[in-house]
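Worksheet for the structure shown next.
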Amino acid sequence: MTAMTPPRRAAAAGDSRRQRIADAFSRAAAGYDGAAQLQQAVADDLLTRLPQTASRRALVDIGCGTGYLVSRLAERHDGPAIGLDIAPGMLDQARRRHAGRSIHWVTGCAESLPLAAGSVELVVSSLAVQWCDSLEAFLREAARVLVPGGWLGFTTLCEGTLVELQQAWQQVDGAIHVNEFLPEARLFETLRAPGWRPAEVVMTTRRTHHATPADTLRALKRIGANTITASAAAGGGLSGRRRFARLAQTLERWREPAGIPTRYRVATVLMQRHTQQD
Ligand SMILES: C[S@@+](CC[C@H](N)C(=O)[O-])C[C@H]1O[C@@H](n2cnc3c(N)ncnc32)[C@H](O)[C@@H]1O
């Protein structure tokens, strides 16, 4: 396959943050599939919206994790399929899980893709872009590797995600312990990037429920997302145990019959690269 180029080095400033993200996902890889029901449902929905590919060029799934989405797409695609992720542990898991499938597993960063310009006809990504430093950089890279007329389909998380935890932490110590997710207006503005036809965007709210506050935090850890919430034992004047007790008490106020809710505000985006005639 000729689509691959050697990995480019990420900018130093973002390196340590990316390393932490990669390490957290690598650590979570073995147990990820057992805890990723929401991620799978989001990927399934994206699959129903993607256009059918027509040529024998490559498709790439960016932030492929254990390979669920790329393996489903590879079944209906004639060209090479690439699963790319920043976390080597996720790729090891993907390789094992899809052994015998002709999928190329590549370590790389969404913001600096190790792929040749104009080498791909379909770029997909599900629930990975919110980990990037810059949505603009992701879009620029997707536009660079796509052929004219090629498609990008991705899902990401917007403001409103993990709102229960965010507010609970605020009441514990007034600090922000949860990643900042992109406001919807910013998402729409950023999608008006040069080189693309107008984007189709579907916004949905999904919720998971857990029996206890501890289960809620454990579930985030199991999908590798613990770097977005500070440890209950970290910093602050209160001891770890007291901080957690207070967090738990505040989360309890959100309780519904199904359990403690965790909200995800999901954007599903479909965009087409300009053709040469546009
Ligand atoms: C929540 S998981 C989603 C995995 C998979 N797409 C799914 O839907 O199950 C996020 C994935 O994005 C990867 N990731 C995070 N930042 C990335 C980056 N800058 N470039 C490539 N992958 C990244 C993580 O390693 C992780 O595998």
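The values are calculated or read from the model by the stated rules, or taken from the named source; none is laboratory data. Remember, it's a predicted structure, so these values are computed and weren't measured experimentally. Positions of Cβ are backbone-derived with ideal geometry, glycine not excepted, and every protein chain shown enters the neighbour counts. Note: areas computed on protein heavy atoms with side chains; ligands, DNA, RNA excluded. Shrake-Rupley method; radii C 1.70, N 1.55, O 1.52, S 1.80 Å.
The set of residues in the range 205-214 being surrounded by 13 or more Cβ atoms within 10 Å (Cβ to Cβ) and either over 14 Å from Trp254 (Cα atoms) or out of contact with any Pro (no Cβ under 7 Å at 6 or more places or on another chain) (or both) consists of Arg206, Thr208, His210, Thr212, Pro213, Ala214. With the structure loaded, tell me whether Gly100 is under 29 Å from Arg76 (Cβ atoms), surrounded by 15 or more Cβ atoms within 10 Å (Cβ to Cβ) and either more than 16 Å from the chain's Cα centre (by Cα) or at pLDDT 95 or above (or both) or whether it fails that test. Criteria not met by Gly100. Pairs meeting the criteria (first residue in the range 62-73 and at negative phi, second residue part of a loop (DSSP other than H, G, I, E, B) and near the ligand (Cβ under 9 Å from one of its atoms), beta carbons under 7 Å, at least 6 apart or on different chains) are Ile62/Ala110; Ile62/Ala128; Val70/Cys64.
Residues of the range 48-74 that are touching a strand residue (DSSP E or B) at 6+ places or on another chain (Cβ under 9 Å) and open to solvent by 20 Å² or more (accessible area, probe 1.4 Å): Arg49, Pro51, Thr53, Ala54, Ser55, Arg56, Arg57, Gly63, Tyr68, Ala74.
Got a sec? Which of Ala22, Ala30, Ala41 is within 23 Å of Arg207 (Cα to Cα) and in contact (Cβ under 8 Å) with a residue 40 or more places away in the chain? Among Ala22, Ala30, Ala41, only Ala41 is within 23 Å of Arg207 (Cα to Cα) and in contact (Cβ under 8 Å) with a residue 40 or more places away in the chain. Residues that are open to solvent by 20 Å² or more (accessible area, probe 1.4 Å) and closer than 14 Å to Met271 by Cβ occur in the range 108-128; there is at least one. Residues in the range 67-85: is at least one within 11 Å of the ligand (Cβ to nearest atom), closer than 19 Å to Ala22 by Cα, touching a Gly at 6+ places or on another chain (Cβ under 6 Å) and assigned to a loop (DSSP other than H, G, I, E, B)? Yes.
Matching residues to (1) of a type in the set (Val, Ile, Thr); (2) under 24 Å from Ala225 (Cβ atoms); (3) within 12 Å of the ligand (Cβ to nearest atom):
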| residue | (1), (2), (3) |
| --- | --- |
| Met90 | no, yes, yes |
| Arg95 | no, yes, no |
| His104 | no, no, no |
| Ala110 | no, yes, yes |
| Ala143 | no, no, no |
| Trp151 | no, no, no |
| Glu159 | no, yes, no |
| Gln166 | no, yes, no |
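One line per residue, one yes/no per condition, for (1) outside any helix (DSSP H, G or I); (2) aromatic (Phe, Trp, Tyr); (3) closer than 30 Å to Leu152 by Cα:
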| residue | (1), (2), (3) |
| --- | --- |
| Arg241 | no, no, no |
| Phe244 | no, yes, no |
| Ala248 | no, no, no |
| Leu251 | no, no, no |
| Arg263 | yes, no, yes |
| Met271 | yes, no, yes |
| Thr275 | yes, no, yes |
| Asp278 | yes, no, yes |
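Report, by residue number, each residue of the range 135-156 that is in contact (Cβ under 8 Å) with a residue 60 or more places away in the chain and either open to solvent by 10 Å² or more (accessible area, probe 1.4 Å) or in a strand (DSSP E or B) (or both). The answer is Ala143, Leu146, Val147, Pro148, Gly149, Gly150, Trp151, Leu152, Gly153, Phe154, Thr155, Thr156. Only one of the numbered conditions (1) more than 16 Å from Leu115 (Cβ to Cβ); (2) modelled with pLDDT of 95 or more; (3) in contact with a Gly (Cβ under 8 Å, 6 or more places away or on another chain); (4) buried (at least 18 other Cβ atoms within 10 Å of the Cβ) is violated by Ala28, and that is (2). Residues of the range 31-47 that are aliphatic (A, V, I, L, M) and either modelled with pLDDT of 95 or more or within 7 Å of the ligand (Cβ to nearest atom) (or both): Ala36, Leu38, Ala41, Val42, Ala43, Leu46, Leu47.
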